[in-house]
2 protein chains.
Amino acid sequence: MQLVTIDDIRAAAQRIRSHVLRTPLVPAPWGDPERPLWVKPESLQAIGAFKVRGAFNALTAVRERSGSITDVVAYSSGNHAQAVAYAAATFGLRAHIVMPEETPEVKVAATRAHGARVVLCGAGQREAVAADVAADTGGVMIPPFDHPDIIAGQGTIGLEIVDDLPEVATVLVPVSGGGLASGIGVAIKALCPRAVVLGVEPELAADAAEGLRTGERVDWSVSLRNRTVADGLRSQPSELTFAHLRQVLDGMLTVTEDDILSAVREFAQRGHLVAEPSGAVALAAYRQHTTPPGPTVVILSGGNIEPRLLAQALA
Amino acid sequence: MQLVTIDDIRAAAQRIRSHVLRTPLVPAPWGDPERPLWVKPESLQAIGAFKVRGAFNALTAVRERSGSITDVVAYSSGNHAQAVAYAAATFGLRAHIVMPEETPEVKVAATRAHGARVVLCGAGQREAVAADVAADTGGVMIPPFDHPDIIAGQGTIGLEIVDDLPEVATVLVPVSGGGLASGIGVAIKALCPRAVVLGVEPELAADAAEGLRTGERVDWSVSLRNRTVADGLRSQPSELTFAHLRQVLDGMLTVTEDDILSAVREFAQRGHLVAEPSGAVALAAYRQHTTPPGPTVVILSGGNIEPRLLAQALA
């Protein structure tokens, strides 16, 4: 299986540069002195999450390869949906987005606000429904993680980390479908081979941790994975992303539901950043595990949290 | 009276560059299409507010002029206190910080966490108490706004805005003692003379708006100014900052207490940024007033809000 390369990621960085925020690496002096902390706040992207990077890279690459297209289709628990809707609107394309019924209302509304058509479906049905929609509309499918263009787009975060902090020792990355961790891992291992890259999952959706421990992808049922409050971390790696994770991750850490909500609170109170639960797991792992000493980066992957849940985490 | 110049601000930018975050200008597609919106999130600075810019510039300039110093003194309703404490700790100096008793606990604790000695005092007493502390300790006073080094430090925000968005049409800036608006105004008017710079105050502490309307500085009593929830906007301009504001501001806007809390909510929900009430007035003004068309920047000046108040704004 061919893995994404640092050159693919560099090409992605060129493609997306005028569409995506070059996020700062924010020093967090409230971290542990042995493990000085930096935050990469992808929550500041236009749609509130890193997913715009992969979406713009994939859409631009499809247009380069296929010439003119009119419709795009995506399935997503939320942030990828908004990212594809936003990127499609930027290029004047029609977007059809398939979302599971349990998606937080804030994410459904945000997707519609970008002019996309939203098709709701039952849990576990979204890939099949999206394939039907693509057949009906002739739209190009933009998958949430299982594609080299998506992985390369998310990997641009790794390039920026190394530019800003060449002495980085540890990077903590949320893992769901694994596109983000695959891309960042490829970039970090190519440019800073001594740095440690650790994936983070909720205990309640720790399929990738189990799979990497045993060396084989494992399937957890949708109902098991849907137990976590981190609604963006309920997917599991594909063959493609699992192959990347085996190659580039130094390990996996897991965190509890309480750890996640504490990290949401810490981001708000100390970092002045709004994180959704999925976006807070890397900080949760930093707090709950003895990660290696040295400069440490946590990826704050997204900020689309229901106001009520944020208020509850602050109480 | 000699005003701060663009060269002073450029010199400040050189002095503070290794100590202060170069904040991004974050596009906010949730703004009004006629007035495309960008946010300058100074809440991401190490102490959660822009005040580090002035504090590092003033401390560095004092050390350049006076050689070795050992103690610094400041009085502040909060964010300047933390900024001086943080900058002093960076340089290994002792900091003595005078704060009014009504300062939110989160700001007192944060100031002590930087190793500073905190001296609490009654409302309206802080300048006198700080002068006593300076006399007792031989410390150098770092005023919160009434000094050219402070104004020049805050003005570095204006340089960064013009670098990132040369076509800026309007800049909305909170006004309290006026150091921030003075510095940003000098930079914007020097580099983008056609851009409109508007100051923003709470209605309940609108002394600068009244003063600029009548052409004379006015005094509002401390008890009047202390009515606003925006605890960082309860100071009033000095002769020095008032002279700058008359020169560089195109006008003043005022906002209600409800407008301010709505803007705190909007920053959290749409921008994924935690703003304190004082930090949210520029967005409140953008929403409540018909500001000029064209690219618009709101300064999010700080994020140090009590979690309970943030939770209340989200409800």
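At a glance:
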quantity: Members of B:LYS107/B:LYS189; A:LYS40/A:LYS189; A:LYS189/B:LYS40; A:LYS51/B:LYS107; A:LYS51/B:LYS189 lying beyond 28 Å, as alpha-carbon distances in this model show; calculated: B:LYS107/B:LYS189; A:LYS189/B:LYS40; A:LYS51/B:LYS107; A:LYS51/B:LYS189
quantity: Normalised contact order of chain A, rounded percent, pairs of Cα under 8 Å and 6 or more residues apart; calculated: 21
quantity: Inter-part distance where region A:141-187 and region B:19-87 are each reduced to a Cα centre, Å; calculated: 31
quantity: Residues B:GLU34 and B:ASP132, FRET efficiency given R0 of 41 Å [Cβ-Cβ distance, rounded to 0.05]; calculated: 0.20
quantity: Between 0 and 90°, nearest 10: helix A:79-90 axis offset from chain A longest Cα axis; calculated: 50
quantity: Two-site label geometry, B:VAL62 and B:GLN2: point separation in nm, points 7 Å out along Cα→Cβ; calculated: 2.0
quantity: Per-copy distances of the B:GLN2 label point, shortest first, in nm (7 angstrom along Cα→Cβ); calculated: 6.6
quantity: Ascending list, in nanometres, of distances separating the A:GLU167 label from those of the other copies (7 Å, Cα toward Cβ); calculated: 4.1
quantity: Distant-in-sequence amide H partners of B:ASP32 (H built 1.01 Å from N, under 5 Å); calculated: B:LEU37
quantity: Three-way shape call for region A:208-315 based on the alpha-carbon gyration tensor, with the a/c threshold at 1.5; calculated: oblate
quantity: Cα centroid of region B:237-269 to Cα centroid of region A:209-247, whole Å; calculated: 49
quantity: Pseudo-label separations to other copies for B:GLN125 - Cα-to-Cβ vector, 7 Å, nm; calculated: 6.9
quantity: DSSP-defined antiparallel bridges as percent of all bridges, the protein assembly as shown, nearest 5; calculated: 15
quantity: Considering only chain A, percent of DSSP beta bridges that pair antiparallel, nearest 5; calculated: 15
quantity: FRET efficiency estimate (nearest 0.05) - Cβ-Cβ, A:ARG213 to A:GLU257, R0 30 angstrom; calculated: 0.90
quantity: Closest-to-axis residue of chain A (Cβ criterion, axis taking A to B), whole Å; calculated: A:ALA311, 2
quantity: Difference of contour (0.36 nm per residue) and Cα-Cα distance, B:VAL119 to B:LEU21; calculated: 32.4 nm
quantity: Alpha-carbon Debye profile of the protein assembly as shown, log10 I(q)/I(0) at 0.08, 0.10 Å⁻¹; calculated: -0.57, -0.86
quantity: Label point distance in nm, B:ASP163-A:HIS289, each placed 7 Å from Cα along Cα→Cβ; calculated: 3.6
quantity: Fluctuation leader among A:THR291, A:THR90, A:THR256 - chain A, Gaussian network, Cα springs under 10 angstrom; calculated: A:THR90
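No value in this document is a laboratory result; all are computed from the given coordinates. Since we're looking at a predicted model, the values are computed, not measured. Cβ sites come from the backbone with ideal geometry, for glycine too, and all protein chains shown count toward neighbours.
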